[in-house]
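Engineer: Provided herewith is a single structure, encoded as structure tokens, for subsequent inquiry.
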Amino acid sequence: MAAAAGDVAVRRARSDDLRALIRLLADDPISAGRGDVANEEDEPAYAAALDRIIGDPSNELIVAVDPAGAIVATLQLTVIPGMSRRGTTRLLVEAVRVARDQRSAGIGGALMRWVVERAAIELGASLVQLTSDAARADAHRFYRRLGFVDSHVGFKFQVAASDASDRSAPHTL
């Protein structure tokens, strides 16, 4: 049974939320295709990532919790101070997930409205931005309904683990 959006509480994620967060990621077919399949042997990597996010004052992992205490949605927020747009601070929204059996109950919309309101009032951000996988047509319609504009083209570059591990060597441009 889906929870009503008004019955859901929003809070910062805690270490003991780890398994529920992993399940939300695996519940999404696109995430599962990228390797988020809730394998027990991956738990240490997720735990380390959650600890880094919790410990970074520029990042928050947010969860939506139903009246029974179950985590039904999550998203990550990153505050990015910037030079462009006359020093505009941006709020980046990533990894938005709503449990499959809770979709279309208004939870995602309520959560995103909470994010936009919080961006201006608490975080001093004048721009909320997000990326969404090109395959997520339903999500794109959802974000447009909320007033988001698909204004940019995004690019990614997958860095090999060996490239990322050589951080001690000096680099010149």
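Engineer: Counting only residues that are assigned to a helix (DSSP H, G or I), of a type in the set (D, E, K, R) and at pLDDT 95 or above, which one in segment 3-17 is nearest to Asp101 (Cα to Cα)? Quick ask: steps written out before the conclusion?
Structural biologist: Our first condition is that a residue be assigned to a helix (DSSP H, G or I); within segment 3-17, this holds for 5-7, 15-17.
Keeping just the survivors that are of a type in the set (D, E, K, R) gives 7, 16-17.
Then keep just the ones that are at pLDDT 95 or above; that gives 16-17.
Values: Asp16: 22, Asp17: 19 Å.
Only one residue tops the list, namely Asp17.
Engineer: Here is a further query. Can you tell me which residues in segment 45-57 are within 15 Å of the chain's Cα centre (by Cα) and assigned to a loop (DSSP other than H, G, I, E, B)?
Structural biologist: Asp56
Engineer: Look through segment 115-130, keep the residues that are outside any strand (DSSP E or B) and surrounded by 16 or more Cβ atoms within 10 Å (Cβ to Cβ), and return whichever of them is modelled with the lowest pLDDT.
Structural biologist: Just the residues of segment 115-130 that are outside any strand (DSSP E or B), to begin with: 115-126.
Narrowing the set further to residues that are surrounded by 16 or more Cβ atoms within 10 Å (Cβ to Cβ) leaves 115-116, 118-119, 123, 125.
On the way: Val115: 95, Val116: 94, Arg118: 90, Ala119: 89, Leu123: 85, Ala125: 91.
Here the residue is Leu123.
Engineer: Can you name the residue in segment 30-44 that is surrounded by 11 or more Cβ atoms within 10 Å (Cβ to Cβ) and assigned to a helix (DSSP H, G or I) and is also nearest to the chain's Cα centre (by Cα) among such residues?
Structural biologist: Among them, the one singled out is Ser31.
Engineer: Any idea which residue in segment 131-142 is surrounded by the most Cβ atoms within 10 Å (Cβ to Cβ), counting only those that are touching a helix residue (DSSP H, G or I) at 6+ places or on another chain (Cβ under 8 Å) and either outside any loop (DSSP other than H, G, I, E, B) or in contact (Cβ under 8 Å) with a residue 40 or more places away in the chain (or both)? Walk me through how you get there before you give the answer.
Structural biologist: Start the filter on segment 131-142 by keeping residues that are touching a helix residue (DSSP H, G or I) at 6+ places or on another chain (Cβ under 8 Å), which leaves 132-133, 135-136, 142.
Pick out the ones that are also either outside any loop (DSSP other than H, G, I, E, B) or in contact (Cβ under 8 Å) with a residue 40 or more places away in the chain (or both) and you get 133, 135-136, 142.
Values: Asp133: 14, Ala135: 11, Arg136: 14, Phe142: 19.
So, considering only residues that are touching a helix residue (DSSP H, G or I) at 6+ places or on another chain (Cβ under 8 Å) and either outside any loop (DSSP other than H, G, I, E, B) or in contact (Cβ under 8 Å) with a residue 40 or more places away in the chain (or both), the one surrounded by the most Cβ atoms within 10 Å (Cβ to Cβ) is Phe142.
Engineer: Just for strands (runs of 3 or more DSSP E) wholly inside segment 58-109: which have at least 2 residues that are farther than 14 Å from Ser126 by Cα and over 11 Å from the mean Cα position of the chain (by Cα)? Talk me through it step by step, then tell me what you get.
Structural biologist: Numbers: elements: 59-65, 71-81, 89-98.
Correct list: 59-65, 71-81.
The values are calculated or read from the model by the stated rules, or taken from the named source; none is laboratory data. None of these values were measured; they are calculated from a predicted model. Note: ideal-geometry Cβ built from the backbone for every residue, glycine included; neighbour counts use all protein chains shown.
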